[in-house]
Amino acid sequence: MIYKVDARGLACPEPVLKTKAVIENPDVDMVQVQVDNDAAVENVSRFLTYQGFQVSVDSHGVNSTVEGVKKENDGENQPETDINASAETGDTQKMVVMIGSRTIGQGDDELGKKLMMSYIRTLKEMGDDLWRLIFVNGGVYFATEGAELLPDLMALEEQGITILVCGTCLNHFDILEKKKVGQTTNMLDIITAMQLADKVISL
């Protein structure tokens, strides 16, 4: 059965939430989601992919249709969202760090920038405990083209750290196309990551 979802004009995370509500119906074989911004295209596409759908995108100007066709499931490859993927057991904690600014603290912005850069570069010392790194608001600039910390973030991603970058924030600053590391994400993923984490650090 084919379902159509009109998510145009909706703010994050509504396009994903509307899609989620539809595909929870076991009779859904195909879903077509209409959206009107690139962040929603990425978020809905990623969500459907993680839920076991074959995804394609048809764009016409600002409007796009994200189509998901349910894959045949033989019972061996159950769909699992990246955000819900289990971490290693044992002494390892699932730690989430959320960066919401380009500075740490108040009083002197230049000092704040130096402190934030030093903090992010030192995150690797958390070892296996660091699970998710989330960038929101002004923090999303760290994940964009030309950012001084971009090589450091790419190195963390290569080590297996999932980096989530707020799509609404990227759109707000008109820098979505400049993102060079991490996954464009939505508030549902952010909330879910915080719920699943053993510890959340917010700066």
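Values in this text are rule-based calculations from the coordinates and carry no lab data. Given the structure is predicted, the values throughout are model-derived calculations rather than measurements. Cβ atoms come from the backbone with ideal geometry, glycine included; neighbour counts cover every protein chain shown.
In a GNM of the chain with a 10 Å cut-off on Cα contacts, which of Val96, Val35, Val22 has the highest mean-square fluctuation?
Its mean-square fluctuation being the largest, the pick is Val22.
Among Asp36, Asp174, Asp152, which one shows the biggest mean-square fluctuation in a GNM of the chain, springs joining Cα atoms closer than 10 Å?
Asp174
Among the Cys residues of the chain, which have no other cysteine Cβ under 4.7 angstrom away?
Among the cysteines of the chain, those whose Cβ sits 4.7 Å or more from every other are Cys12.
Give, to the nearest whole percent, the P(r) tail of region 2-70 beyond 14 angstrom, counting all Cα pairs. Walk me through the numbers before you get to the answer.
Details: 1121 of 2346 pairs.
When all Cα pairs of region 2-70 are counted, 48 percent exceed 14 Å.
Explain nothing, just compute: Karplus ³J(HN,Hα) = 6.51 cos²θ - 1.76 cosθ + 1.60, θ = phi - 60°, for every residue of region 139-153 in order, whole Hz, x for Gly and Pro.
Going residue by residue, I get x, 5, 4, 5, 9, 9, 3, x, 5, 4, 8, 4, x, 5, 5 Hz, with x marking Gly and Pro.
Treating the beta-carbon of each Lys and Arg as +1 and of each Asp and Glu as -1, no other charges, what is the dipole magnitude of the chain about its Cα centre, to the nearest 20 debye? Don't skip to the end; give the middle numbers.
Details: 18 positive and 32 negative charges, 97 e Å.
That gives the chain a dipole magnitude of about 460 debye.
Taking amide H atoms as placed 1.01 Å from N in the peptide plane, list the residues 5 or more away in sequence, or in a different chain, whose amide H sits under 5 Å from that of Gln54.
Val69, Lys70, Lys71
For the chain, compute the number of Lys pairs whose alpha carbons are separated by less than 16 Å, excluding pairs fewer than 8 positions apart on the same chain. Mind showing how you got there, number by number?
On the way: Lys4/Lys18; Lys4/Lys20; Lys4/Lys70; Lys20/Lys70; Lys94/Lys124; Lys94/Lys199.
Lysine pairs meeting both conditions in the chain amount to 6.
I'd like the antiparallel share, as a percent to the nearest 5, of DSSP beta bridges with both residues in region 83-202.
5 percent
Lys/Arg Cβ at +1, Asp/Glu Cβ at -1, dipole of the chain taken about the Cα centre: which of Gly61, Asn171, Thr122 is farthest positive-ward?
Asn171
In the chain, what is the volume of the convex hull around the alpha carbon atoms, normalised per residue and reported in Å³? Don't skip to the end; give the middle numbers.
On the way: hull volume 26.3 nm³, N = 203.
Spelled out: Cα convex hull of the chain, divided by residues, is 129 Å³.
Given the options Met117, Met95, Met126, which has the most mean-square fluctuation in a GNM of the chain, springs set between C-alpha atoms less than 10 angstrom apart?
Met126
Per residue of the chain, what 222 nm ellipticity follows from adding -39500 (n - 2.57) for every DSSP H run with n ≥ 4, rounded to the nearest 500?
Numbers: 6 runs with 62 residues, N = 203.
It comes out at -9000 deg cm²/dmol, rounded to the nearest 500.
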